[in-house]
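J.: The structure's right below; bear with me while I get my questions together.
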Amino acid sequence: MASQHYRVGVMFSTTGPYSVVARSMLNGALLAFREAAAAENVTLEPVVVNPGGDLARYAELSQELTASGIRHVVGCYTSSSRKEVIPCFEKHDALLWYPSHYEGFESSSNVIYTGASPNQHVLPLVDYMLGHVGPRAFCVGSNYIWAWENTRIFREAMTARGGQVLAERYAAIGDTSFEKLVDAILEAKPDFVFNNLIGTSAYAFFRLFRAACAARGIDQARQIPIASCTLSEPELEEIGAGAVDGHLSSSVYFSSLANTANAAFTRDYRAAFPQGPSTSADAEASYIAVKLLARALADAGTDEVTAVKQAVTRQRLNAPQGDVWIDPQTLHAWLTPRIGRSTPQARFDVIVEEPAPVRPDPYLIQSSPRYAMAPRSPNLRVVR
C-alpha cells in the first residue's frame, strides 16, 4: 500500500521568555518526525510556526494552520497558550496534541494530552516533601493560569495532609527582579520553596536565592530546597554553575533514565541537535505526541479527527520513560511519575519513582487532594 502523506502543524515559541524549553520540545517533535518516516506507512510533513511567546499569535497561527487544511497540530508549552488555541481547534474540528505537564481540570475532545496530569506530578511531590523535607512551604510562580492552579492543587493537598502554605507570590512572565521576594522567603523561614516560575524568571530566581542564602550562611539546597514540577535539564544549564545542584523536580522523564529506549532517544537527539538544548520531559512528551500521531494515522488510514482519536487509544508506545498509552476516557496519557534531585552536572539523580505507569486523573476524581485520607501514590519507591 502506498504511503499516505499528511501535513502536521508544529507550534512552539522558540523565541521569547520560555524559548529554551520550547526549542527542546521542537527538537523532540522533529526527531519523531524523522523516525516516523522510516517506521510508519505514513509521510508526515511538519509545518513549523513560532508564536514567539505572544498569546495573540497563538490564536492567529492556529487559524492559519487549520484554514490551510491541517487537522493535527503538535504544540504549545504554557497553559495560557493552550487555552488560547482550543476554541479554534474545536471550531474547525482539528486536534491539538499538547505535550506539556499541566494543571489539569480540563478534558477537551479536541486535545490529546501527552504531558503529566496533576496526579502524576503535583501529588507525588507533596507526598515526598511532607515525608522527607517538612510541612511548611512558600509558593512562588509566574502570574498565569499554570501557577495559580498548580499552587491551588498543591495548597489543598498540603493542608489536607497537615502541611501549611506560608505565602504565595506571583511575578509577571519574564520578570527577573526578585530581591524583595527572596527577602520575604528568608524571613518566613519555610522548610522548602514550591516553584512555579517559568523561563527566564525561574533561572534568575534560582541564582538569586542561592546567592542570598550563601550570603547568610544558609546551605540552601539542604536547608531550604526548591521543589518544582517544571524544572528540566535545559533549564539547569541556563541556571548555571554555582546554583544548579540540589533542586527537586517532580516529572515523568529525566534524561538520566537507564533503559534501552532512552539510551537510543538521547543518542539520536544529541546526534540530530548537537547545539542543544538538552532533552527534557517536555521534549520527550513532544516526541511521544508525534510518534503516537504517526501510528494513529497509519492505523486509521485517514487524518479525520474521530478516526484518529479512536486509533490512538489502541497504540502502546515503548517511550524513553517507559510504556505510554492514551486513556480512552480522558485522552490523557498513562505516565510514570518520578522525582529527581539536580546535580552539579546539570542532570538529575532519580530518587523516587513509580514501578509502573499511573492512570491520568486530570480532574482529581480518584485522588482528590481535599481529603486527607484519600490514598495517593502508595507504590512510590525510593531508588537506591
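The values are calculated or read from the model by the stated rules, or taken from the named source; none is laboratory data. Keep in mind it's a predicted model, so treat the numbers as computed, not measured. Don't worry about glycine lacking a Cβ; one is built from the backbone with ideal geometry, like all the others, and counts go over all protein chains shown.
J.: Can you name every residue in segment 106-116 that is at pLDDT below 95 and of a type in the set (Phe, Trp, Tyr)?
T.: Scanning segment 106-116 gives no hits.
J.: Please count how many residues of segment 10-53 are assigned to a loop (DSSP other than H, G, I, E, B) and farther than 25 Å from Glu237 by Cβ. Spell out the reasoning first.
T.: We begin by selecting, within segment 10-53, every residue assigned to a loop (DSSP other than H, G, I, E, B); these are 12-18, 40-41, 50-53.
Now restrict to residues that are farther than 25 Å from Glu237 by Cβ: 40-41.
Summing the residues that are assigned to a loop (DSSP other than H, G, I, E, B) and farther than 25 Å from Glu237 by Cβ in segment 10-53 gives 2.
J.: To continue, here is another question. State whether one or more residues within segment 325-338 are under 30 Å from Ala214 (Cα atoms) and in a strand (DSSP E or B).
T.: At the first step, the residues of segment 325-338 found to be under 30 Å from Ala214 (Cα atoms) are 338.
Remaining after also requiring in a strand (DSSP E or B): 338.
Checked segment 325-338: at least one residue is under 30 Å from Ala214 (Cα atoms) and in a strand (DSSP E or B).
J.: Please go through segment 215-238 and give me each residue that is among the aliphatic types (A, V, I, L, M), touching a residue at least 60 places away in the same chain (Cβ under 8 Å) and in a helix (DSSP H, G or I), ordered by number. Don't jump to the end; show me each part of the working.
T.: Pass one, segment 215-238, residues among the aliphatic types (A, V, I, L, M): 215, 218, 221, 224, 226-227, 231, 236.
When the remaining residues are screened for being touching a residue at least 60 places away in the same chain (Cβ under 8 Å), the result is 227, 231, 236.
Across segment 215-238, the qualifying residue is only Leu236.
J.: Would you pick out the residues in segment 36-59 that are without any contact (Cβ under 8 Å) to a residue 24 or more places away in the chain and within 17 Å of Met25 (Cβ to Cβ)?
T.: Matches in segment 36-59: Arg57 only.
J.: Within segment 253-279, take every residue that is hydrophobic (A, V, I, L, M, F, W, C) and surrounded by 17 or more Cβ atoms within 10 Å (Cβ to Cβ) and give me the one that is nearest to Arg314 (Cα to Cα). It would help to see each step written out before you state the result.
T.: So the first thing to find is which residues in segment 253-279 are hydrophobic (A, V, I, L, M, F, W, C), and the list is 254, 257-258, 261, 263-265, 271-273.
Filter once more, keeping what is surrounded by 17 or more Cβ atoms within 10 Å (Cβ to Cβ): 254, 257, 265, 273.
Details: Phe254: 26, Leu257: 26, Phe265: 23, Phe273: 31 Å.
Top of the filtered list is Phe265.
J.: Something else about it: What's the number of the only condition in (1) at pLDDT 95 or above; (2) more than 17 Å from the chain's Cα centre (by Cα); (3) under 18 Å from Phe265 (Cβ atoms) that Gly28 fails to meet?
T.: Condition (2) is where Gly28 drops out.
J.: Follow-up question, since we're still on this one. For segment 179-214, name all the residues that are in a helix (DSSP H, G or I) and among the β-branched types (Val, Ile, Thr). Full working, then the answer.
T.: Start the filter on segment 179-214 by keeping residues that are in a helix (DSSP H, G or I), which leaves 179-188, 199-214.
Matches in segment 179-214: Val182, Ile185, Thr200.
J.: Then there's this: If a residue must be outside any helix (DSSP H, G or I), over 18 Å from the mean Cα position of the chain (by Cα) and not aliphatic (A, V, I, L, M), how many such residues does segment 58-106 contain? Break it down into steps so the answer makes sense when it comes.
T.: In the first step, residues of segment 58-106 are kept if they are outside any helix (DSSP H, G or I); the result is 68-78, 92-106.
From what is left, the residues that are over 18 Å from the mean Cα position of the chain (by Cα) are 68-72, 92-95.
Filter once more, keeping what is not aliphatic (A, V, I, L, M): 68-69, 71-72, 92-93.
Going through segment 58-106 one residue at a time, the tally reaches 6.
J.: Of all residues in segment 109-162, how many are of a type in the set (Gly, Ala, Ser), assigned to a loop (DSSP other than H, G, I, E, B) and crowded, with 23+ Cβ neighbours inside 10 Å? Break it down stepwise before answering.
T.: First, pick out the residues of segment 109-162 that are of a type in the set (Gly, Ala, Ser): 109, 115-117, 131, 134, 137, 141-142, 147, 157, 160, 162.
Still in the list and also assigned to a loop (DSSP other than H, G, I, E, B): 109, 115-117, 134, 162.
Next, only the ones that are crowded, with 23+ Cβ neighbours inside 10 Å stay: 115-117.
So the answer is 3.
J.: A further question on this structure: Scanning segment 239-253 for residues that are part of a loop (DSSP other than H, G, I, E, B) and in contact (Cβ under 8 Å) with a residue 40 or more places away in the chain, which turns out nearest to Ser24 (Cα to Cα)?
T.: Just the residues of segment 239-253 that are part of a loop (DSSP other than H, G, I, E, B), to begin with: 240-247, 252-253.
Pick out the ones that are also in contact (Cβ under 8 Å) with a residue 40 or more places away in the chain and you get 241, 244-247, 252-253.
Values: Ala241: 21, Val244: 19, Asp245: 21, Gly246: 23, His247: 20, Val252: 16, Tyr253: 14 Å.
Across segment 239-253, the extreme among qualifying residues is Tyr253.
J.: Conditions first: (1) part of a loop (DSSP other than H, G, I, E, B); (2) surrounded by 15 or more Cβ atoms within 10 Å (Cβ to Cβ). Asp282 passes all but one, so which condition is the exception?
T.: (1)
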